[in-house]
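The values are calculated or read from the model by the stated rules, or taken from the named source; none is laboratory data. Note that this is a predicted model, so its numbers are computed, not measured. Note: ideal-geometry Cβ built from the backbone for every residue, glycine included; neighbour counts use all protein chains shown. Heads up: the accessible areas ignore ligands, DNA and RNA and are worked out on the full protein's heavy atoms, side chains in. Shrake-Rupley method; radii C 1.70, N 1.55, O 1.52, S 1.80 Å.
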Amino acid sequence: MNKRVSGRAIIIKDDEVYLMFRRKIKDGIKNEYYAIPGGGQEDNETIEECVIREIKEEFNLDIKVLDLLGIVEDDKNIGYVYDTELLGGEFKLSGEELERNRKDNYYEVRKVNMKDIDKIELLDENRELVKKSYARKEKKHE
């Protein structure tokens, strides 16, 4: 079975990381977590083009892809996670996520302060990549 390939963007501005908050309710069980924004690669696009398109679709933001921070892989997916620079746009939920948004399948774009990154429900691999990106940005400002 081929794994689903996705591109994801770590977007950090002024000590805040831009994440997708998700709430899924299935069979009465509520599951809440955060995810690094991004999505599946389409035919005939590079993974970097995928990241740029997905962030425009989901968050209505324009970004510049800087470099690959890491790869997060499981049985079904392989996600390429990139460090990015925010260029502009209006930070709001849009695209398929807005269309599919409902009480039992809820999406919300959120900014999370870096001091709270260890307090939220986020995959450990993703948390480490967010911290890596933040440390790089801090180093540039020294």
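List of remarks:
- Where the range 48-142 is the region considered: accessible area per residue in Å², 1.4 Å probe: 61 Å²
- A simple spin-label model places the labels of D118 and S94 3.7 nm from each other, with each point 7 Å out along Cα-to-Cβ.
- Inter-probe distance in nm under a simple model that places probes 7 Å from Cα toward Cβ, at Y33 and Y106: 1.7 nm
- Fraction of accessible area attributable to carbon and sulfur, the chain (%, probe 1.4 Å): 45 percent
- Between the amide H of G70 and those of V81, distances stay under 5 Å, these residues lying 5 or more places away or on another chain, with hydrogens modeled in the peptide plane.
- For the chain, relative contact order (Cα pairs under 8 Å, six or more residues apart, normalised by length) works out to 31 percent.
- Spin-label model, K139 to D43: label points 7 Å out along the Cα-to-beta-carbon direction sit 4.1 nm apart.
- Distance violations [Cα-Cα > 19 Å] among K26/K92; K115/K137; K13/K111; K92/K115: K26/K92; K92/K115
- Exposed-site-free run, longest, the chain (rule: trypsin sites (Lys or Arg not before Pro); DSSP loop; at most 10 other C-beta within 10 Å): 1-75
- Semi-axes of the equivalent ellipsoid of the chain are 22, 19, 16 Å, computed as sqrt(5λ) over the eigenvalues of the C-alpha gyration tensor in descending order.
- The mean sequence separation of alpha-carbon pairs under 8 Å and at least six residues apart, normalised by the residue count of the range 70-142, gives a relative contact order of 24 percent.
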